[in-house]
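Scroll down for the structure; my scribbles are underneath it.
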Protein chains: 2
Amino acid sequence: MYQVLNGMRVIECASFIAAPSCSLHLSQMGAQVIRIDPIGGGPDAGRWPLAPSGSSLYWEGLNKGKQSVAIDFASPEGRELVAQLVCAPGENGGLFVTNFPADGFLSHQRLAQRRLDLITTRVMGWADGTPAVDYTVNAAVGVPYMTGPEDDPAPVNHVLPAWDLLAGAYSAFALLAAERYRRQTGKGQEVRVPLSDMAIASLGHLGQIAEVQGGDRPKMGNTLFGAFGRDFTTADGQRLMVVAISPRQWSGLVKVLGLEDAVARVEAATGVSFDKDEGLRFTHRDALTPLVEAAIATRQRNELGAAFDASGVCWGPYRTLREGMAEEPRLVSGNGLFSAVTHPSGLTYPTPGAAGTLMQSERINATRAPVLGEHTDQILAEVLGLSTGQIGKLHDAGRVAGPKE
Amino acid sequence: MYQVLNGMRVIECASFIAAPSCSLHLSQMGAQVIRIDPIGGGPDAGRWPLAPSGSSLYWEGLNKGKQSVAIDFASPEGRELVAQLVCAPGENGGLFVTNFPADGFLSHQRLAQRRLDLITTRVMGWADGTPAVDYTVNAAVGVPYMTGPEDDPAPVNHVLPAWDLLAGAYSAFALLAAERYRRQTGKGQEVRVPLSDMAIASLGHLGQIAEVQGGDRPKMGNTLFGAFGRDFTTADGQRLMVVAISPRQWSGLVKVLGLEDAVARVEAATGVSFDKDEGLRFTHRDALTPLVEAAIATRQRNELGAAFDASGVCWGPYRTLREGMAEEPRLVSGNGLFSAVTHPSGLTYPTPGAAGTLMQSERINATRAPVLGEHTDQILAEVLGLSTGQIGKLHDAGRVAGPKE
């Protein structure tokens, strides 16, 4: 955590990954984030992975460091409280993150009647409001048909919710852009980030919309598109990802593997040079890959890795997450991003702060996730100025809830 | 494109995806982005996919709307010009995006001697400066061993450079957070976003660092982890991704497929209810999946899709990118994000603006990518105040270059 966004107050009514990760990023830079859930929890309250106690590690991960308020969303009084929190005054407030439907009780138009300069950041499925999730969006834009073994025509889903994560980070960026504009002009607005637009715009940015005019990109297993790169296995059975995009990476690879003569013979036979044009290494991969494969198959992984490092080759071992955490201290055990935090699940585990490091600012350890409703009374008093008596009546009427006893 | 960041000036010395996409996002919200490349182009100048003319569609996609300056990075005079551009005065300047080494001539410490409040946003491989790319980072954090068919133990790379894209969007967020802080305090700083930290922090946010205390998550093909979801094939051979996380999605799926009785029998046999707990649908997927599979196999895709939509089921067809663009107008042909732009490759194709939509602002069409060096003279005059004679001398000495004739 850092303190660069200290003072900023963000209200979140959201669930799952994209919108909650947007406000998580804001929180980890110092913003106060108040997550409002329905009493009993939102649709992501029990999302896997779970702790042995049954509580959601996913929820803990995406909502750590936030404050939690539980309100009865179904009642007019509850909805009124939500709207009051979203639209509470203060030049650093009026920032709302949600994935609720655009035309429902949390519509921007309706909320902005209470606070003209409100900024709503809304993650959506499709831009027209049709539901979609990461996995259906990914299927829609063709990535599963480009993924996986080339001898199997079946689509392969990615397991990483990449579009969710990307939409979350992008939404945090867009919120700050809109907030900067508000400070210059006084104007609020609604920023919509549909997962479908996030995905198709990204493929466009990568040149793939233009590329597809010439046909779909086929599956090619673990081969890197457009340069030299693939997985290889060492003599001791270790699998490595090896990538040679830059001239230095390629020349280092050839040198370490002693392939100068063999590669020169391929160059002579094909009439091209692989030194500077990474695309030619891709075009001629059927000639080059077996050379690299055979050479790596004769080497021990540790010796080879050291030689690769010394020659600027870009490579890395494949590991499972557990192996990576055990064997690569730069990931978790020796990484200043992480600190051991005890969460409401009862588990203590390495918990990441902000992914970015501010070199001239002090990094503060990540803090635990809240218990659902833990801050209900505090926020109603602090932000809405309600008295203890008023808050008690809301509890009695079932409009708000604190943490379960 | 939007104009909310108008006036902001960002200097980019970077290549490939992450850092260039950071400044692309800033540009598409209105910032002036000046990309400085070495004369002849950076290491990504020829990155695939390519146009028939041989120019890089990837470069065009990631650098559209930017201004291009070409400078001899190898000479002291060229490096001096780069530093002057990075550190040029102006309260909306002093914003630098790079993936150059942290301790080289573009080190923050060195540059900040010229401009104390400089903000450097630096994308890295590993945080210690070791090179890494998306594909090696992905191998390091275990995602390929969770991806792909469960009967094949080999790791499956994702083809989407997810960590690059995520680091790019996150860097744009972090830059704006630092810039907001600078306007409050006058302080600049360096923000470092290593791909490795982006990846492992993200897995932490998703609960997977905690989960792995209980063991690695195994491959499970296209099955959604922790809820009900998978690919299914209709009677007419169409493949669909179907997801039921929320109670409504599940009840809609059961109803549309007429599986009430069959699911009730599974519930009776197992003693659980699938209505509200999506995790139980995952635990008992071996009983549930064949029911859904058999039911979908009897239905035609169009009829089934309409019934799913009417009942709130979350689903989507698998398509290749080309099919998606042809058959789903919400992706490109009917999507206001895209406009036809003619780029330096000579190709005209649908080009996306900002992935986010600002509902109360006018969206301006995306603009073409620059030709390398197209804005060299203009920027040297405008930003550094050089005279025509001074600029001519730099050309004559080979320190700067304009576009190729």
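Assorted remarks:
- 11 Å reach of a label modelled at B:Ala310, 7 Å along Cα-to-Cβ, counting backbone N of region B:250-294: B:256
- Amide N proximity, region B:238-258 versus B:Thr298 label position 7 Å along Cα-to-Cβ, cut-off under 13 Å: B:256-258
- Length, then width, then depth: along the principal axes, the Cα atoms of region A:331-370 run 34, 21, 12 Å.
- Scaling against 2.2 N^0.38 Å puts the C-alpha radius of gyration of the protein assembly as shown at 0.93.
- Interface size, chains A and B: roughly 12000 Å² of accessible area buried, both sides included, 1.4 Å probe, rounded to the nearest 100.
- For chain A, a crude dipole built from +1 on the beta carbon of Lys and Arg and -1 on the beta carbon of Asp and Glu, taken about the Cα centre, is about 820 debye to the nearest 20.
- Teacher prompt: B:Thr270 distances to equivalent labels in other copies, 7 Å Cα→Cβ, nm: 5.1
- Summed over the residues of region A:1-106 and divided among them, the accessible surface reaches 26 Å² per residue at a probe radius of 1.4 Å.
- Whole-angstrom gap from region B:321-378 to region A:257-325, using each part's C-alpha centre: 36
- Label point distance in nm, B:Leu116-A:Asp396, each placed 7 Å from Cα along Cα→Cβ: 6.0
- Check: region B:276-405 dipole with +1 on Lys, Arg Cβ and -1 on Asp, Glu Cβ, in debye: 100
- Remark: label point of A:Ala326 defined 7 Å out from Cα along the Cα-Cβ vector; separations to the same position in other copies 4.9 nm, ascending.
- Among A:Gly129, A:Pro155, A:Ala140 - extreme Cα towards positive end, dipole of region A:109-224, charges at beta-carbon: A:Gly129
- Value of relative contact order over chain B, rounded to a whole percent, pairs C-alpha under 8 Å and six or more apart: 19
- For A:Phe274, solvent-accessible area (1.4 Å; no DNA, RNA or ligand), Å²: 0
- Relative contact order (%) - criterion: Cα under 8 Å, at least six apart; region: region A:327-390: 24
- Charge-dipole axis of chain A as Lys and Arg at +1 and Asp and Glu at -1 on Cβ define it, positive-most pick from A:Asn302, A:Ser75, A:Pro290: A:Ser75
- Across A:Thr136, A:Thr283, the residue with the most accessible area heads the list, and the full order at a 1.4 Å probe is A:Thr283, A:Thr136.
- Antiparallel beta bridges, as assigned by DSSP with both residues in chain B, represent about 45 percent of the total such bridges.
- B:Leu291 accessible area, 1.4 Å probe, all protein chains in place, Å² to nearest 10: 50
- Measuring only protein heavy atoms, the 1.4 Å probe finds A:Ser107 accessible over about 10 Å².
- In nanometers and ordered shortest first, the copy-to-copy spacing of the B:Asp128 label point, defined 7 Å from Cα toward Cβ, is 5.3.
- Calculated mean residue ellipticity, 222 nm, chain A: -11000 deg cm²/dmol, from DSSP H runs (n ≥ 4) at -39500 (n - 2.57) each, averaged per residue and rounded to 500.
- For A:Asp277, A:Asp72, the ranking by accessible surface with the largest value first comes to A:Asp277, A:Asp72, using a 1.4 Å probe.
- Solvent-accessible surface, computed for protein heavy atoms with a probe of 1.4 Å, shrinks by 30 Å² or more for the following residues of region A:148-174 when the other protein chains are added to the isolated chain: A:Pro149, A:Pro155, A:Val156, A:Asn157, A:Val159, A:Leu160, A:Leu165, A:Leu166, A:Ala169, A:Tyr170, A:Phe173.
- Among beta bridges identified by DSSP and lying wholly in the protein assembly as shown, the antiparallel ones come to about 45 percent.
- Seen from A:Val341, the other residues with C-beta closer than 11 Å to its C-beta sum to a net charge of +1, counting Lys and Arg as +1 and Asp and Glu as -1.
- Sparse-neighbourhood loop sites, trypsin sites (Lys or Arg not before Pro) in region A:344-405 - DSSP loop, at most 11 other Cβ within 10 angstrom: A:Lys404
- Antiparallel beta bridges, as assigned by DSSP with both residues in region A:1-146, represent about 5 percent of the total such bridges.
- Rounded to the nearest 20 debye, the dipole size of region A:216-356 about its Cα centre is 240 debye, using +1 on the Cβ of Lys and Arg and -1 on the Cβ of Asp and Glu.
- Remark: C-alpha extents of chain B on the principal axes read 85, 46, 42 Å, sorted largest to smallest.
The values are calculated or read from the model by the stated rules, or taken from the named source; none is laboratory data. It should be emphasised that the depicted structure is a prediction, and the values quoted were computed from it without experimental measurement. Positions of Cβ are generated from backbone atoms using ideal geometry, with glycine treated the same way; all protein chains shown enter the neighbour counts. Protein only, heavy atoms only, side chains kept; ligands, DNA and RNA dropped before computing areas. Shrake-Rupley method; radii C 1.70, N 1.55, O 1.52, S 1.80 Å.
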